[in-house]
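Everything on this sheet refers to the single structure shown next.
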């Protein structure tokens with residue numbers, strides 16, 4: 001019995017002494033941190049997606065407090081979170097416009113045809129190295145899902161040969177756009193009303209041959225637009241969202257219905 | 001007998017039995033010929049002709065854009081049908097001159113004039129090589145006039161003619177050495193004129209005894225020319241492997257062949273040099289093997305550059321009756337590129353069309369399992385890399401480790417590791433992809449830096 005008491009006492013006293021020493025040392029050598037870092041960090045989403053360009057949410061929180069990054073540096077934050085961070089930092093801040101990923105391709109399995117039987121690594125970035133597009137169209141989505149793999153929010157999936165974005169889940173971090181070897185994914189304003197679902201720069205007849213859902217570059221949309229928001233460059237229509245009012249006239253007249261109202 | 005060889009390497013079925021003894025025959029193409037402006041490493045050539053122009057065989061149709069670039073010469077006479085983007089064997093669409101062949105092959109002025117190389121100076125020889133648009137014809141397509149102008153020209157000890165032809169199925173270099181051995185020896189003497197301190201070595205794999213005998217006969221009596229019969233092992237024809245065998249030097253990271261005192265050229269390139277210097281014939285045709293287990297009459301052809309591949313397969317009799325072609329390859333099965341469609345032109349650096357009845361890659365894909373840690377990939381890598389670790393780093397996208405610790409960018413994509421892997425993992429394919437991604441990142445970073453400076 002005695003041994004038990006002695007052992008308990010020895011361990012207990014050592015623990016107490018070390019505890020006191022730790023408290024004393026931590027008080028004496030305390031590193032002063034800005035408490036705002038913690039607060040800002042809490043307001044951030046915490047996905048560590050890296051879309052801001054920093055190593056993670058901790059890093060960008062520190063950068064915001066040090067003034068190295070703007071208050072709305074996090075592209076994933078919604079307006080509320082940005083306002084909260086603004087309050088912590090004592091500045092007025094407006095959330096950057098919410099952006100979502102958009103896949104410029106509608107060439108599903110039934111609209112375009114397979115050119116070759118691709119054998120190899122099931123990854124878009126490996127498939128483009130083969131030099132040949134698996135599909136008839138040289139510009140379209142390959143459908144191996146490199147974007148879906150890159151997405152940390154589960155907002156992308158490949159359906160019927162084309163990647164599809166779930167806009168409710170998309171945080172606009174842009175990782176998918178970097179992963180896509182064809183450069184099909186663009187970040188567009190979440191409140192967009194018009195979008196061109198094609199990326200082919202081929203001329204009209206070649207596009208028609210390759211895919212029934214391709215932009216022919218006919219330019220009817222550009223003629224319809226009263227706000228000069230839509231331009232045809234390199235046989236492909238492009239929407240300037242700073243000018244687009246979303247009237248939908250272009251989509252109405254598009255002969256191949258590649259311009260869509262969303 | 002013990003033979004000096006390089007470390008690593010594999011012994012795939014060489015498949016040479018199909019076309020080995022089919023002697024060269026010339027094939028004259030019909031219809032249109034396509035001349036991509038980029039058949040080499042470096043800047044694409046600038047097209048000199050436009051739609052409707054009449055051209056003669058041997059006429060310059062694409063002018064080299066800068067030093068690291070190569071001239072493109074028409075291989076037939078006819079009219080220019082179009083100057084547009086056409087697909088090549090690599091799959092990319094490249095700006096090309098399309099010529100409607102008139103079937104006459106009328107030569108342009110000055111082609112075929114015999115010259116004595118002994119009367120020519122260094123500059124003249126290099127000039128005529130550059131003018132002829134000769135590129136490395138073994139596959140890489142590096143402009144030869146650049147290769148022949150190293151900074152340390154006096155320190156070059158070996159000019160190596162690469163006749164290893166280690167790639168399975170391909171036999172066109174074998175035929176070239178058997179039939180044009182005298183010309184090859186002359187071609188080598190031309191190069192020795194450029195590098196007086198060097199000796200010329202023909203490196204041939206042991207499985208080509210006829211070629212070795214022919215070359216030995218052609219080189220007899222000239223003490224500066226030698227024939228080296230190398231052990232039959234893939235990738236014997238790789239530049240590093242060759243230098244290891246001949247000069248005994250293991251090229252270190254970032255070293256060029258010239259740093260080891262070597263210049264390595266394919267035998268087909270040497271033949272082209274002979275033609276350009278002694279006969280004033282620019283690079284218009286090359287040896288080409290059509291082979292594979294389902295080809296009716298595997299053959300070795302002398303084809304005009306720009307000939308359509310489908311046409312070439314037709315002249316080889318097409319596919320054997322009752323068989324089906326599963327895979328078309330530009331090149332051989334180890335390093336060749338799979339072709340999605342045969343409607344592509346033969347470029348200066350395409351040496352073969354291989355047609356296989358079954359697709360081993362597709363089969364392997366179904367059998368892929370996890371790494372067994374057997375280490376065979378490391379043992380066979382001719383560069384001494386560690387493919388298993390590289391694969392791990394590539395999968396985790398740890399690119400810095402891949403590049404700086406594992407020297408993954410040194411990979412020559414010979415495919416030896418993939419060939420031996422018992423787990424059937426797509427090693428080489430992954431390395432190719434990773435290399436492309438890292439290079440793309442580097443280019444992007446460079447472009448950004450350049451932009452910032454401006």
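Just grab the label-to-label distance for residue A:94 and residue A:122, each label 7 Å out from Cα along the Cβ direction, in nm (one decimal). Label-label distance for residue A:94 and residue A:122, simple model: 4.6 nm.
Counting Cβ atoms of other protein chains within 10 Å of each Cβ in A:120-127 and taking the mean gives 4. Taking a point 7 angstrom from the Cα of residue A:220 along the C-beta vector, which residues in the range A:230-254 have backbone N less than 20 Å away? Hits in the range A:230-254 for residue A:220 at 20 Å: A:230-240, A:246-254.
Ranked by the mean number of other Cβ atoms within 10 Å of their residues, highest first, the peptides B:283-295, B:146-158, B:67-79 come out as B:283-295, B:67-79, B:146-158. Between residue B:4 and residue B:140, the contour length at 0.36 nm per residue exceeds the Cα-Cα span by 46.4 nm.
For chain A, the longest principal axis of the C-alpha atoms and the axis of helix A:2-28 are separated by about 60°.
When the helices in the protein assembly as shown are scored as -39500 (n - 2.57) per DSSP H run of 4 or longer and the sum is shared across all residues, what 222 nm value do you end up with, to the nearest 500 deg cm²/dmol? Computed ellipticity for the protein assembly as shown at 222 nm equals -8500 deg cm²/dmol. Find how many whole Å separate the alpha carbon centroid of the range A:76-138 from the alpha carbon centroid of the range B:8-60. Value for the Cα centre distance between the two parts: 40 Å.
Residues B:431, B:202, A:153, ranked from the fewest to the most other C-beta atoms within 10 Å, line up as A:153, B:431, B:202. Between helix A:79-89 and chain A there is an angle of about 40 degrees, using the helix long axis and the longest principal axis of the Cα atoms. Inter-chain Cβ neighbour count for B:335-343, averaged per residue, equals 3 (cutoff 10 Å, partner chain atoms only). Footprinting exposure proxy ranking of B:369, B:5, B:171, A:112, fewest other C-beta atoms within 10 angstrom first, gives B:369, B:5, A:112, B:171. Using only Cα atoms, locate the centre of the range B:288-302 and the centre of the range B:410-426, then give the distance between them in Å, rounded to an integer. That distance is 26 Å. From least to most packed, judged by other beta carbons within 10 angstrom and beginning with the fewest, B:20, A:152 follow the order A:152, B:20.
Between the beta carbons of residue B:359 and residue B:296, assuming R0 = 25 Å, the FRET efficiency works out to 0.80 to the nearest 0.05. Antiparallel beta bridges, as assigned by DSSP with both residues in the protein assembly as shown, represent about 70 percent of the total such bridges.
With a Förster radius of 30 Å applied to the C-beta separation of residue B:84 and residue B:108, the computed FRET efficiency comes to 0.80. The calculated FRET efficiency for residue B:46 paired with residue B:310, based on their beta-carbon distance and R0 = 25 Å, is about 0.30.
For the range B:187-212 and the range A:6-51, compute the distance between their C-alpha centroids and round to whole Å. So the separation of the two Cα centres works out to 74 Å. Inter-chain Cβ neighbour count for B:87-93, averaged per residue, equals 3 (cutoff 10 Å, partner chain atoms only).
All of the numbers you see were taken from the coordinates with simple rules; none came from a lab. Model, not experiment: these values are computed from the prediction. So basically every Cβ, Gly included, is an ideal-geometry build from the backbone, and we count neighbours across all protein chains shown.
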